[in-house]
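The values are calculated or read from the model by the stated rules, or taken from the named source; none is laboratory data. Predicted, not measured: the structure shown is a model, and the values here were computed from it. Virtual Cβ from ideal backbone geometry, glycine too; neighbours counted across all protein chains shown. Just the protein is used for accessible areas: all its heavy atoms, side chains included, with ligands, DNA and RNA removed. Shrake-Rupley method; radii C 1.70, N 1.55, O 1.52, S 1.80 Å.
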Amino acid sequence: MARPRKPLLSRDRIVEAASALVDAEGLDAVSTRRLAAELGVSGPSLYNHFRNKDEILDAVADAVSVQVDLSMFDESDPRDWREALHDWALSYRAALAAHPHIVPVLARGPGRRPAGLRVADAVFGAMVGAGWPPARATRIGALMRYFITGSALGSFAGGFVDDESAYDPADYPHLGQAHLLAERRREVDEGAFEVGLRALLDGLERQYEEYGAADGRAAPSSQSGV
């Protein structure tokens, strides 16, 4: 009886194995030796697909970027620029929250990663299409990346221990409920992101209206879908 053949090594298999390692153990767990062992191949065979560990991590990061919804930036989509940014930010953060260990790589920017560049292109194109000057559109893209990736780098609620005795009212008179934060981590962190996102978009909308007035034209209505 013929022995079953091992699946051929491919970029997709390497990225899948590396992604699993990053999710389970963090960035430091990834090495060509470890990946080769996980895949049941010799170490040098990985170099037929990737030159080094950094390239592998870039591919893992791009696999996360692929998960981000960009449909709101399609020309046929009725959402205006503010609603599009809001919905995209929620999708982007959800993708990062599902893979928090890869966030430091994503935070460095898209580099040459195709999916990451498609995200940047979609956001910039939508902002320019909505009437923002190109320089402002660039800054908005940067601002959104700072805010979204920054929020995914750590948990505010998770930074508090669930031991009530750690918060002696004599020392911390306002932290009597801090020990409850950890068990409400998702509620607190997602709520904080939503509050911050809406405040950020409110500020951008005021700038947009001011820009329209200064430019001698009426800025498109937030309900116009253009």
Report summary line: Karplus-derived 3J(HN,Hα) from phi for region 41-48 (6.51 cos²θ - 1.76 cosθ + 1.60, θ = phi - 60°), whole Hz, x at Gly and Pro, runs 10, 7, x, x, 5, 5, 6, 6
**Report entry** Accessible-area value, V161, 1.4 Å probe, nucleic acids and ligands omitted, Å²
**Finding:** 80
Query raised in the report: For region 1-137, what is the accessible area per residue in Å², given a 1.4 Å probe and the full set of protein chains?
Result: 55
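Looking at region 112-214, which trypsin sites (Lys or Arg not before Pro) are DSSP coil and have at most 11 other C-beta atoms within 10 Å of their C-beta? List each step's numbers first, then the result.
Working: sites: R112, R118, R136, R139, R145, R184, R185, R186, R198, R206; in loops: R112.
Passing sites in region 112-214 are R112.
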Query raised in the report: Can you pull the three principal axis extents for the Cα set of the chain, in Å, largest first?
Result: 76, 56, 30
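Please compute the contact order of the chain in relative form: average sequence separation of alpha-carbon pairs under 8 Å and at least six residues apart, divided by the residue count, as a percent. Write down the numbers at each step before the final one.
Working: 211 pairs, mean separation 40.8, N = 226.
Answer for the chain is 18 percent.
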Query raised in the report: For the chain, which whole percent of the accessible surface, found with a 1.4 angstrom probe, sits on carbon and sulfur atoms?
Result: 53
Query raised in the report: If you take the C-alpha gyration tensor of region 80-156, multiply each eigenvalue by 5 and take the square root, what semi-axes do you get, largest first, in whole Å?
Result: 22, 14, 11
Report summary line: CD proxy, 222 nm, the chain: helix-only mean residue ellipticity via -39,500 (n - 2.57) per DSSP H run with n ≥ 4, per residue, nearest 500, stands at -18000 deg cm²/dmol
Report task. Return the sequence-ordered ³J(HN,Hα) values of region 49-54 in whole Hz as given by the Karplus equation 6.51 cos²θ - 1.76 cosθ + 1.60 applied to θ = phi - 60°, using x for Gly and Pro. Result -> 10, 9, 6, 6, 4, 4
Query - Accessible-area value, V195, 1.4 Å probe, nucleic acids and ligands omitted, Å² - result: 100
**Report entry** Within region 58-110, trypsin sites (Lys or Arg not before Pro) in DSSP loop having at most 15 other beta-carbon neighbours inside 10 Å
**Finding:** R108
